[in-house]
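S.K.: One structure, pasted below without further comment.
Bear in mind that the values in this text are calculations on the coordinates, not laboratory data. Everything numeric in this text was worked out from a predicted model, so none of it was measured. Cβ placement follows ideal geometry from the backbone for every residue including glycine, while neighbour counts extend to all protein chains displayed.
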Amino acid sequence: MPESHKPSPMDKTLEQLDQLLEGDVLTDTLSRMLYATDASPYQQRPVAIVRPCHAQDCASLIKFAAANTLPLIPRAAGTSLAGQCVGEGVIVDINHYMNRVIAVDVKNRCATVEPGVVCNDLNNELRELGLMFAPDPSTSNYCTLGGMMGNNAWGIHSQHYGTTRDNIIKAKVVLGDGSTALFEPLSHATLQQKLRLNNREGIIYRTLYDMINRHHSLIQQGFPAPDGLLRNTGYPLDALVHSQPWQATGPLFNLSPFICGSEGTLALTTEIELKLVPIPQQRILLCIHFHRLDEALQSVAQVLAFQPVALEIIDHHILKRTATNVQQQANRFWLEGNPAAVLLVEFHENAIAGAKIPKDAIAALSKQLAAYALTVVESEQIEQVWALRKAGLGMLMGEPGDMKGVTGIEDAAVKVTDLAAYVGAVQQLLLTHDTDCVVYGPAGRGTLHLRPKLNLNLATERQKYRQILDQVCDIIIRFGGSISSKHGDGRLRAFYLQRVLGTEIVTLLQTVKNAFDPQHILNPNTVLNALPPDQNLRFTRKHNTLNFKPFFDWSKDSG
């Protein structure tokens, strides 16, 4: 509990909370400093950290927070890049205790887990059963399933398996008043029963049902990327429009996929039932080398015609970093020469059909594309290539010096036929700011992780950062793209929701928030009611440091 000082009203409130929960309430300075940052560029010290033990702790916590107007910031592994789990309220660390695999149903290909289970840990447990949970973000070795649900995470093989939203069956949650609910597929009769409930859950169902009935056309027309581009902007009202009863052939009405991507602003998830799929037995990876980035980008649409399960791009910035990285040097075996960019294209057994299609694909691609080399990788060596791709962000952030490829515009998506033109437009803009950017990511989904090189320790560079965010948002709108395709809104892109979605849609999103969380205690200033994106950035060089020599000292490497 609080360190020795005169107790404040907040101290007394947190002492009451500590007595209420079986889990931990941490208020010491060290814990608060550790939870003040995540993988985003933001920093805010919370008033406390709560580590709930179980669903009852979560319900008690939210009831207490609602009664005391105490903001709660749900946090999983802290891998979010848009500042979703940084704030001045109480951090809710769902991972520490709630990390059990509850059940695996091999026959029905599903698993029930608590939200703190690490994605790779689950898949390691499933491997001997020949099954896996398909979404595979690059942080899968430490991101958790609750965090993946909060962000609607997806990864390298989403081309085939979809996002977390596509792989959720049901979820147990705690709502904004501390009541609990089970979100699952509902028949028409069961939905009608839900609509008659006289509680917070009933209010949620009535709000959404009436909203879609009254604003069906607005919702269909008001969201960007109607042609299938991925979008983690706002709440997925457009997905509900395509479910039953509004679309007879659509999926059953189900709010568990709906809260995927809500970033802890609508409910706190305590249990998840996931879809599982068979582990593919045959895989082949094509590594297509290009002398020019624009040629690689222009080739994406042609490669998609062969229906790969994954299609990613890596540019020369990352490839250059791997050459001096001890861990990644062994994973460069497939590289030929010094490409400006490489497309990584994977096929699975259904597409392979006895290795006929890959041979045809290799021959056709060799003739069609402007590539100068094409390497074929098979069996366990495929994972070495993907390990190199997944290590990209860590290597960029570990580059010596203060100039880094920063997050901010890294989550946009446009039509694959517009990729080259979009990158060209952004690069032209960055030239006016005397910088360039790193390019990598799931090009097959129209998403590119563009990271401008900036030194956010400097005030002038932070001003430049804000200008780039504003100007690239306009470019994305011009291309009819999505500002948040994968990493979410957080506090980084939520500021631009009104510009992207318009006042009418944002008003509907506010109505959704009010139904789930009437007192707005769940992750305030995330998704909605956003602060400026350049507020609460991490400290500058003017911060005070302690006068001691650390055991691990990377100052010689500008670390």
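S.K.: Could you calculate the FRET efficiency of Thr69 with Thr249 from 1/(1 + (r/R0)^6), where r is the beta carbon distance between them and R0 is 35 Å, rounded to 0.05?
M.R.: About 0.20, to the nearest 0.05.
S.K.: Continuing with the same structure: Would you please report the Å³ per residue occupied by the convex hull of the alpha carbon atoms in region 105-278?
M.R.: Roughly 123 Å³ of hull volume per residue.
S.K.: Over the chain, what is the relative contact order in percent, taking alpha-carbon pairs closer than 8 angstrom and at least six residues apart?
M.R.: Answer for the chain is 17 percent.
S.K.: Work from the charge dipole of the chain (Cβ charges, +1 for Lys and Arg, -1 for Asp and Glu, about the Cα centre) and give the residue of Ala181, Met211, Ala387 farthest towards its positive end.
M.R.: Met211
S.K.: Give me Trp154, Trp554, Trp246 sorted ascending by neighbouring Cβ count inside 10 Å, so fewest comes first.
M.R.: Arranged by neighbour count, lowest to highest, Trp154, Trp554, Trp246 become Trp554, Trp246, Trp154.
S.K.: Separate question: What dipole magnitude, in Debye to the nearest 20, does region 358-508 give about its Cα centre under +1 on Lys/Arg Cβ and -1 on Asp/Glu Cβ?
M.R.: Here region 358-508 has a charge dipole of around 180 debye.
S.K.: Another question about this same structure. Using amide H atoms built 1.01 Å from N in the peptide plane, name the residues 5+ places from Ala48, or on other chains, whose amide H lies under 5 Å from its own.
M.R.: Excluding prolines and chain starts, which carry no amide H, the hits are Ile91.
S.K.: Karplus couplings for region 76-93 from phi (6.51 cos²θ - 1.76 cosθ + 1.60, θ = phi - 60°), rounded to Hz, Gly and Pro as x?
M.R.: Listing the rounded values in order: 9, 8, x, 8, 5, 9, 10, x, 5, 10, 10, x, 8, x, 9, 6, 9, 7 Hz.
S.K.: What Kirkwood hydrodynamic radius do you get for the chain when you take the inverse of the mean 1/r over all pairs of distinct Cα atoms, in Å?
M.R.: So the Kirkwood estimate lands at 24.6 Å.
S.K.: Right, another one. Can you give the extra length, in nm with one decimal, that the chain gains between Arg109 and Leu129 once fully stretched, where that is 0.36 nm per residue apart less the Cα-Cα distance?
M.R.: Extra length from Arg109 to Leu129 when fully extended: 6.2 nm.
S.K.: When only Cα pairs under 8 Å and 6 or more residues apart are kept, what is the percent relative contact order across region 105-278?
M.R.: Computed over region 105-278, the figure is 35 percent.
S.K.: Shifting gears a bit: Using the Karplus curve 6.51 cos²θ - 1.76 cosθ + 1.60 with θ = phi - 60°, work out ³J(HN,Hα) for each residue of region 107-114 in order, rounded to whole Hz, and write x for Gly and Pro.
M.R.: After applying 6.51 cos²θ - 1.76 cosθ + 1.60, I find 4, 9, 6, 8, 9, 10, 9, 7 Hz.
S.K.: Charges only on Cβ, +1 for Lys and Arg, -1 for Asp and Glu: so what's the dipole of region 404-488 about the Cα centre, in debye to the nearest 20?
M.R.: 160 debye
S.K.: If we sort 313-323, 272-282 on the protection proxy, mean other Cβ atoms within 10 Å, highest first, what's the order?
M.R.: By packing density, highest mean first, the sequence is 313-323, 272-282.
S.K.: How would Cys85, Cys473 line up from fewest to most surrounding beta-carbon atoms within 10 angstrom?
M.R.: Lowest to highest Cβ neighbour count: Cys473, Cys85.
S.K.: Taking amide H atoms as placed 1.01 Å from N in the peptide plane, list the residues 5 or more away in sequence, or in a different chain, whose amide H sits under 5 Å from that of Ile169.
M.R.: Here the answer is Glu273, Leu274, Lys275, since their amide H atoms fall under 5 Å of that of Ile169.
S.K.: Students often check this: by mean Cβ neighbours within 10 Å, which of 163-169, 443-449 ranks highest, and how do the rest follow?
M.R.: Sorting 163-169, 443-449 by mean packing, highest first, produces 443-449, 163-169.
S.K.: Once amide H atoms are placed 1.01 Å from N in the peptide plane, what residues at a sequence separation of 5 or more from Ala373, or on another chain, have their amide H within under 5 Å of its amide H?
M.R.: Here His289 satisfy the definition.
S.K.: So what is the 222 nm mean residue ellipticity for the chain from helices alone, if each DSSP H run of at least 4 adds -39500 (n - 2.57) and you divide by all residues, rounding to the nearest 500 deg cm²/dmol?
M.R.: Helices in the chain give a 222 nm mean residue ellipticity of -10000 deg cm²/dmol.
S.K.: Tell me, what ³J(HN,Hα) does each residue in region 276-290 have, in order and in whole Hz, if you take phi through Karplus 6.51 cos²θ - 1.76 cosθ + 1.60 with θ = phi - 60° and put x for Gly and Pro?
M.R.: Once rounded to whole Hz, the list reads 10, 9, x, 5, x, 8, 10, 9, 8, 10, 9, 10, 9, 9, 10.
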